[in-house]
Amino acid sequence: MQTVADIRQSLRAARLALQQNFALHPHPQRQMHAHSKVVDDHLRSVWKMLDMPAGLALVAVGGYGRKELFPHSDIDLLILLPQQPDEALQQRLQELVGVLWDIGLEVGHSIRTVGDCMAESSDVTVQTNLLEARLITGSRRLFAEMREALSEHLGCRAFYLAKVHEQEQRHARFVDTDFNLEPNLKESPGGLRDLQSVLWIARASGFGGTLRKLAEAGLITAQEARRFVHIEAFLQTLRIRLHYIARRREDRLLFDYQTELAEQMHIAATETRRTSEHLMQSYYRAKRAVLMLNAVLLQNLRANLFPEEAEMRPLNERFAARGDRLEARDEQLFEREPSAILESFLLMEQHPELVGFSAPTMRAMWRARLSVNAAFRRDPKNRALFMQIMRQPQGITHVLRRMNRHGILGRYIPAFGRIIGQMQHDLIHVYTVDEHILMVVHNLRCFTLEKHAHEFPLCSKLIKDFARPEILYIAGLFHDIAKGRGGDHALKGRPDAARFCKQHGLMREDSELVVWLVEHHLDFSTTAQTKDLSDQDVIAAFAANIPNDRHLTALYLLTVADIRATSPKIWNAWKGKLLEDLFHLTRRFMTGGKVADLVGEIRARTREQLNLYAIAPEVHELMWAQLDAEYFLHHEPHEIAWHTRQLAHRVNSEAPVVKARLARIGEGIQVMVYCTDRPYLFARICNFFARIHYNIMEAKIHTTQHGYALDSFLVMDASNSKTPYRDVMSYIEHELAQQVSRAEPLSAPHAAGRISRQLKHFPITPEARISTDEKGRHVLSVVAGDRPGLLARIAHVLARHHIDLRNAKINTLGARAEDTFWIAGETLEQPQAVEELREELLRQVA
């Protein structure tokens, strides 16, 4: 007679043998069937050992029921009873479940009668589990009774609607960007659950529960069935390997596992891309195919279950509307007239009431997609149709995404096809390259819509006056098209853009603008985020590379759309203000050149603001006498007016003055610190903000003529706490004043904060460069993986090396920090000391 220990040891040995066999022969279906059989055998052993009553039935449900048991998945069981259990049976059932856990099975169990099952089956999850029920041991008669009752109880139409609703809710849950970077193989859109959902509906509707049976029923073709069996096997293999690597039930493709998974699947790195990036591209392409199959099958099943909905309304001689779907009136249309493929997308734009293609049309388009070849691309009719698509007043983004989903966009623009599903583990982008590109086009389209004018007031105003906006959309399509080729993708994308413009007959000036935008699409953000915009020479140098106002406007619009499409976490009001400031300063320079007396103009505009507060000239002149031209050039009139109002009667204050207000950009807090200058002041301030989890976005550091520090900071909440701004500002004013007034030496900053998992697995090589700008000022540029306390550590190093800080721009791109500091000090005149400073900075930010 076997004991619990015997069964546990046998199960462990059998599972280990399965793992070893899979490493040698990675066939997912065989592996899962074999695992199911192993568990079946051991469950029967326990059932027999405990001598369970003959009238009961032990039933496998869920994935285990369909013999798709992954290495660390739960064992879903139904213990079926002929009637409600008495106390003695309840104790035996508890003993059974306890033994199952003792032998090493993580069971999810329910104990029900047939009547209970039917009562609970109003829940679609319970219905689904029962649909896949499989008898392991016990009463066949009772199991058959349950199956018969379910068959009578299950309503095909209601089940279809419930599963579709369930899928929509699940997709909505997984729409967060984290799931784009680390998708869930089971639950994410395009995952295994989407394949299972259509098979559940098909089984409930009587069409069978396998792809082969769906092909036999005519819902998909045999070729499609074979293709998706292969895709399903790929996803199942990933999930099995993931469970083994993680040694637990883990369905997320976490950064921690992506590289090891790729290596196990013999995916090699290339010169320009990591193994994990190749793996993820394969996954994203499989995901897209699953989503298409899911859509085709759901429509086909709906047409069978709800035939009364299928009314047809002709649109032209080739197409009709079937309900809210576009349908080709002849399924051979696309193969006979390939140009009808582009015409169908044009019709989708022209008929916004249509929400997609009918299932037969989707399948016909998929079969005909290879017709979009070199000859198709050379055909003037097709080129004209594509430009019509790009010039429509509505629906451009939806149609481009639909073209991508159906495999047409990548075939019409081959360079686009190469970046489909391509992920960049650069700690900045959270979307695949193709998704990012289409999101850029989407953002450009949003600028044209009145309902978004309040979000993008300047962009909306500019694009209204921009002739032929399709030029911007084409530039958006091509701006990142050379990603993954190595080298400068902006330069490598030029020939692709130039070729497209020439082939599609764009005017010469428009072609030149598109190519110029692709080459220079990073210039605007780089200048705004790393240069001193108060320096007229910086503005002059930037403006020298911009041919005219149309180029400036186009570059600004593309830059805003690009940054906003990179990651929801990267864009903020401060970045928006920097870009807007650079746009206005450059336009002003291009129309009027340098301002002869810029300081005088700033002073005059500040006086106008002070007059609103009845500040007497003799009051503010006392303070302004302590400020040099650099202060006025680095601050805006509203900032100077604020400083003046706060300090006019405290010019020689012995106590530190700390004031905070809501930033005028609509996000964050502006903080002013005024006190006698002292060593480590900036480091103390950085330490304070790191401790309260606020990020310094911008720092303006100034020392007055009489030795006071007048520093201004823009800070933002890094933790997204719900603390009211008024409370935070009061806390900053009181506590920061206490911090900067302390006389004791500043202790070393806190140890480097915990880095993100993404940064851990895709580390950034830190950089620290010290150079001089156009005016001979020293500029420190630091690139490193972002983490809490990073700025405080940099500030501490600068203070130890007796470096004075003049200005700072703090730029965080996802998990990547790119910070720029304007610095001064005698140390910078000694090459050896500069190298020691640089080396210590590298140690601190690594």
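The values are calculated or read from the model by the stated rules, or taken from the named source; none is laboratory data. Just so you know, these numbers come straight off a predicted model, no measurement behind them. Reconstructed Cβ throughout: ideal geometry from the backbone, glycine too, with neighbour counts over all protein chains shown. In case anyone asks, the SASA skips ligands and DNA or RNA and just uses the protein heavy atoms, side chains included. Shrake-Rupley method; radii C 1.70, N 1.55, O 1.52, S 1.80 Å.
In the stretch 672-699, which residues are over 32 Å from the mean Cα position of the chain (by Cα) and crowded, with 21+ Cβ neighbours inside 10 Å?
Of all residues in the stretch 672-699, those over 32 Å from the mean Cα position of the chain (by Cα) come to 672-685.
Scanning the stretch 672-699 gives 673, 674, 681, 682, 683, 684, 685.
For residues that are without any contact (Cβ under 8 Å) to a residue 24 or more places away in the chain and more than 39 Å from the chain's Cα centre (by Cα), tally how many sit in the stretch 704-742.
Adding up the residues that qualify gives 1.
Condition check ((1) out of contact with any Phe, Trp or Tyr (no Cβ under 7 Å at 6 or more places or on another chain); (2) under 23 Å from residue 757 (Cα atoms)) across all residues:
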| site | (1), (2) |
| --- | --- |
| 195 | yes, no |
| 208 | yes, no |
| 214 | no, no |
| 252 | yes, yes |
| 263 | yes, yes |
| 267 | yes, yes |
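Within the stretch 812-826, is even one residue touching a strand residue (DSSP E or B) at 6+ places or on another chain (Cβ under 7 Å) and more than 24 Å from residue 538 (Cβ to Cβ)?
Checking the stretch 812-826: at least one residue is touching a strand residue (DSSP E or B) at 6+ places or on another chain (Cβ under 7 Å) and more than 24 Å from residue 538 (Cβ to Cβ).
For the stretch 402-493, list the helices (runs of 4 or more DSSP H) that sit wholly inside it and hold at least 1 residues that are touching a residue at least 40 places away in the same chain (Cβ under 8 Å); which are they? It would help to see each step written out before you state the result.
Working: elements: 409-412, 414-418, 433-447, 457-464, 470-478, 489-492.
Filter on the stretch 402-493 gives 409-412, 414-418, 433-447, 457-464, 470-478.
Which one is farthest from the chain's Cα centre (by Cα) among residues in the stretch 84-121 that are open to solvent by less than 20 Å² (accessible area, probe 1.4 Å), touching a residue at least 60 places away in the same chain (Cβ under 8 Å) and closer than 22 Å to residue 63 by Cβ?
Ranking the candidates gives 103 first.
Taking the stated definitions as given, is residue 142 part of a loop (DSSP other than H, G, I, E, B) and hydrophobic (A, V, I, L, M, F, W, C)?
On the way: part of a loop (DSSP other than H, G, I, E, B): no; hydrophobic (A, V, I, L, M, F, W, C): yes.
Considered against the rule, which asks whether it is part of a loop (DSSP other than H, G, I, E, B) and hydrophobic (A, V, I, L, M, F, W, C), residue 142 comes out as no.
Go through the stretch 384-409 and count every residue that is touching a strand residue (DSSP E or B) at 6+ places or on another chain (Cβ under 9 Å) and among the hydroxyl-bearing types (Ser, Thr, Tyr).
Step one: filter the stretch 384-409 for residues touching a strand residue (DSSP E or B) at 6+ places or on another chain (Cβ under 9 Å), giving 402, 406.
Next cut, among the hydroxyl-bearing types (Ser, Thr, Tyr) only: none.
Residues flagged as touching a strand residue (DSSP E or B) at 6+ places or on another chain (Cβ under 9 Å) and among the hydroxyl-bearing types (Ser, Thr, Tyr) within the stretch 384-409 amount to 0.
Check 420, 471 and return the single one that is buried (at least 21 other Cβ atoms within 10 Å of the Cβ) and in contact with a helix residue (DSSP H, G or I) (Cβ under 8 Å, 6 or more places away or on another chain). Give the derivation first.
Values: 420 fails: buried (at least 21 other Cβ atoms within 10 Å of the Cβ).
Exactly one residue qualifies, and that residue is 471.
Is it true that some residue in the stretch 726-743 is aromatic (Phe, Trp, Tyr), over 24 Å from residue 845 (Cα atoms) and buried (at least 19 other Cβ atoms within 10 Å of the Cβ)? Walk me through how you get there before you give the answer.
Quick first cut of the stretch 726-743, residues aromatic (Phe, Trp, Tyr) only: 731.
This time we only want the ones that are over 24 Å from residue 845 (Cα atoms), so: 731.
Subset that is buried (at least 19 other Cβ atoms within 10 Å of the Cβ): none.
Within the stretch 726-743 (the criterion being aromatic (Phe, Trp, Tyr), over 24 Å from residue 845 (Cα atoms) and buried (at least 19 other Cβ atoms within 10 Å of the Cβ)), the answer is no, since none of the residues qualifies.
If the requirement is being free of Cβ contacts under 8 Å to residues at least 40 places away in the same chain, closer than 20 Å to residue 472 by Cα and of a type in the set (A, V, I, L, M, F, W, C), which of these qualifies: 522, 558? Can you show your working first?
Working: 558 fails: free of Cβ contacts under 8 Å to residues at least 40 places away in the same chain.
Going through 522, 558 in turn, just one is free of Cβ contacts under 8 Å to residues at least 40 places away in the same chain, closer than 20 Å to residue 472 by Cα and of a type in the set (A, V, I, L, M, F, W, C): 522.
Which of (1) farther than 29 Å from residue 830 by Cα; (2) assigned to a loop (DSSP other than H, G, I, E, B) is the odd one out, the single condition residue 774 does not satisfy?
Condition (1) is where residue 774 drops out.
Would you please name the residue that is modelled with the highest pLDDT, looking only at residues in the stretch 170-219 that are surrounded by fewer than 22 Cβ atoms within 10 Å (Cβ to Cβ) and of a type in the set (Val, Ile, Thr)?
This residue is 210.
Could you grab the pairs with beta carbons closer than 7 Å, sequence gap of 6+ or different chains, first residue in the stretch 570-599 and within 25 Å of residue 815 (Cα to Cα) and part of a loop (DSSP other than H, G, I, E, B), second one charged (D, E, K, R) and modelled with pLDDT of 85 or more?
Close Cβ pairs satisfying both conditions: 571/564; 572/667.
Among the residues of the stretch 629-646, how many are in contact with a strand residue (DSSP E or B) (Cβ under 9 Å, 6 or more places away or on another chain) and within 21 Å of residue 807 (Cα to Cα)? Walk me through it before giving the result.
Initially, the stretch 629-646 is screened for residues in contact with a strand residue (DSSP E or B) (Cβ under 9 Å, 6 or more places away or on another chain), giving 630-631, 634-635, 639, 642-643, 646.
Subsequent filtering for residues that are within 21 Å of residue 807 (Cα to Cα) retains 630-631, 634-635, 639, 642-643.
Of the residues in the stretch 629-646, 7 are in contact with a strand residue (DSSP E or B) (Cβ under 9 Å, 6 or more places away or on another chain) and within 21 Å of residue 807 (Cα to Cα).
Looking at residue 54, is it among the aliphatic types (A, V, I, L, M), part of a helix (DSSP H, G or I) and surrounded by fewer than 21 Cβ atoms within 10 Å (Cβ to Cβ)?
Numbers: among the aliphatic types (A, V, I, L, M): yes; part of a helix (DSSP H, G or I): no; surrounded by fewer than 21 Cβ atoms within 10 Å (Cβ to Cβ): yes.
Considered against the rule, which asks whether it is among the aliphatic types (A, V, I, L, M), part of a helix (DSSP H, G or I) and surrounded by fewer than 21 Cβ atoms within 10 Å (Cβ to Cβ), residue 54 comes out as no.
Please work out which residue is modelled with the highest pLDDT, limiting yourself to the stretch 719-746 and to residues that are farther than 25 Å from residue 708 by Cβ, outside any helix (DSSP H, G or I) and not β-branched (Val, Ile, Thr).
Pass one, the stretch 719-746, residues farther than 25 Å from residue 708 by Cβ: 719-728.
When the remaining residues are screened for being outside any helix (DSSP H, G or I), the result is 719-724.
From the residues that got through so far, the ones that are not β-branched (Val, Ile, Thr) too are 719-722, 724.
Numbers: 719: 77, 720: 75, 721: 77, 722: 76, 724: 85.
So the residue we want is 724.
Among the residues of the stretch 608-632, which ones are outside any helix (DSSP H, G or I) and either open to solvent by less than 70 Å² (accessible area, probe 1.4 Å) or under 15 Å from residue 649 (Cα atoms) (or both)? Even if it seems obvious, please write down each step before you answer.
Taking the stretch 608-632 and keeping what is outside any helix (DSSP H, G or I), we get 612-616, 625-628.
Correct list: 613, 614, 615, 616, 625, 626, 627, 628.
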